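What follows is one structure encoded as structure tokens, with my remarks underneath.
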Amino acid sequence: MSVMVDIRSVHKSFGSLAVLKGIDLRVRTGEVTVVLGPSGSGKSTLLRTVNHLEKVDRGEISVDGSLMGYRRAGNKLYELPEREVLRQRTRIGFVFQNFHLFGHLTVLDNIVEAPVSALRRPRKEAVASARRLLERVGLGDKADAYPRQLSGGQQQRVAIARALALEPKLLLFDEPTSALDPELVGEVLDVIRDLAAQGTTMIVVTHEIAFAREVADTVVFMDDGRIVEQGPPAEVLDAPRAERTRAFLAKVL
Ligand code: ADP
Ligand code: MG
């Protein structure tokens with residue numbers, strides 16, 4: 001199976017605070033990787049480096065065979081111009097904890113915006129595709145609503161549809177259900193579960209252990225800027241080797 005994401009000895013600091021201390025991780029095409037770990041362990045920073053929203057200090061990241069943010073010539077790396085980075089980023093969908101929808105746009109226009117402006121798709125085509133995506137996330141009747149008229153769960157499903165509109169090779173989720181009332185978590189996880197069943201390559205940061213057990217091909221446990229252990233859910237969740245993993249799971253389960 002081919003490798004979609006290849007993260008090699010990535011280090012990242014903010015000032016004197018080392019946040020990623022040598023991360024190595026590979027995500028195979030069609031697989032779901034769930035990242036667990038305590039608050040502050042570097043999970044969001046790791047996702048943001050994959051998308052090149054944060055530059056790494058050391059190491060490198062390839063997505064679908066291309067180095068993020070850089071071009072290699074001989075054994076030298078040259079930074080890509082911003083528009084090239086933006087183009088790379090259109091291949092990667094990102095879903096945030098707090099939805100980040102455009103409040104002044106309707107649900108439909110939230111989804112249509114990026115394909116039209118970033119990929120120069122004809123609007124009519126983008127609208128037709130947005131309507132199909134809304135059906136897919138169970139919101140076919142909400143096209144003309146504004147985000148504030150929707151529940152958190154519905155807003156997050158719109159955010160997922162918006163991410164899918166760019167037909168990304170890879171989807172990144174940063175705690176997609178953490179801002180939701182408990183009764184709305186299931187509807188969002190159902191959508192992510194469907195995407196997994198269809199073979200979408202994803203990295204999902206979440207504290208939903210039952211979901212991880214069911215959907216993940218690989219579970220990664222991070223603590224203090226390092227991957228403490230990684231493997232299939234049956235190993236990491238049900239028979240963790242590291243004391244830190246056991247302690248964390250005891251708290252969240
Ligand atoms: P997690 O998502 O696991 O909670 P984060 O990646 O958000 O962890 O943060 C890891 C550490 O990096 C935290 O101590 C956080 O305060 C710090 N951090 C994250 N982003 C920045 C930033 N832009 N500037 C300074 N410190 C940051
Ligand atoms: Mg985070």
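The values are calculated or read from the model by the stated rules, or taken from the named source; none is laboratory data. Predicted, not measured: the structure shown is a model, and the values here were computed from it. All Cβ positions, glycine included, derive from the backbone under ideal geometry; neighbour counts span all protein chains shown.
Of note:
- Taken over segment 166-182, the residue count meeting the criterion of being touching a Lys or Arg at 6+ places or on another chain (Cβ under 9 Å) and more than 18 Å from ARG193 (Cβ to Cβ) is 3.
- Residue within segment 197-205 that is surrounded by 18 or more Cβ atoms within 10 Å (Cβ to Cβ), within 16 Å of ligand 2 (Cβ to nearest atom) and assigned to a loop (DSSP other than H, G, I, E, B) present: no
- In segment 5-35, the residues that are assigned to a strand (DSSP E or B) and either of a type in the set (Val, Ile, Thr) or under 13 Å from the mean Cα position of the chain (by Cα) (or both): VAL5, ILE7, VAL10, VAL19, ILE23, VAL27, VAL32, THR33, VAL34, VAL35
- Filtering segment 121-180 to residues that are crowded, with 18+ Cβ neighbours inside 10 Å, of a type outside the set (A, V, I, L, M, F, W, C), in contact (Cβ under 8 Å) with a residue 40 or more places away in the chain and within 16 Å of ligand 1 (Cβ to nearest atom) leaves ASP174, GLU175, PRO176.
- Segment 206-237: number of residues that are among the small types (Gly, Ala, Ser) and in a loop (DSSP other than H, G, I, E, B): 2
- In this entry, GLU187 passes the filter for residues that are crowded, with 16+ Cβ neighbours inside 10 Å, acidic (Asp, Glu) and either farther than 30 Å from MET68 by Cα or away from ligand 1 (no atom under 16 Å from the Cβ) (or both).
- Just one of the listed residues (PRO168, PRO240) is at pLDDT 95 or above, in contact with a strand residue (DSSP E or B) (Cβ under 6 Å, 6 or more places away or on another chain) and not in a helix (DSSP H, G or I), and it is PRO168.
- Qualifying residue in segment 45-59 (condition: of a type in the set (Ser, Thr, Tyr), within 30 Å of ARG193 (Cβ to Cβ), more than 16 Å from ligand 1 (Cβ to nearest atom) and at pLDDT 95 or above): no
- Some residue of segment 80-96 being surrounded by fewer than 19 Cβ atoms within 10 Å (Cβ to Cβ), touching a residue at least 60 places away in the same chain (Cβ under 8 Å), more than 13 Å from ligand 1 (Cβ to nearest atom) and under 28 Å from HIS207 (Cβ atoms): yes
- Just one residue in the set VAL116, VAL85 is part of a helix (DSSP H, G or I) and touching a helix residue (DSSP H, G or I) at 6+ places or on another chain (Cβ under 9 Å); that residue is VAL116.
- In segment 214-223, the residues that are surrounded by fewer than 22 Cβ atoms within 10 Å (Cβ to Cβ) and either in contact with a Ser or Thr (Cβ under 7 Å, 6 or more places away or on another chain) or farther than 18 Å from SER178 by Cβ (or both): GLU214, ASP217, THR218, ASP223
- Any hit, segment 12-26, residues being more than 28 Å from ALA250 (Cβ to Cβ), within 16 Å of ligand 2 (Cβ to nearest atom), surrounded by 15 or more Cβ atoms within 10 Å (Cβ to Cβ) and at pLDDT 95 or above: yes
- Test result for LEU180, over 29 Å from ASP64 (Cβ atoms), of a type in the set (A, V, I, L, M), more than 14 Å from the chain's Cα centre (by Cα) and within 16 Å of ligand 2 (Cβ to nearest atom): yes
- Filter result for GLN230 (in contact (Cβ under 8 Å) with a residue 40 or more places away in the chain and surrounded by fewer than 21 Cβ atoms within 10 Å (Cβ to Cβ)): yes
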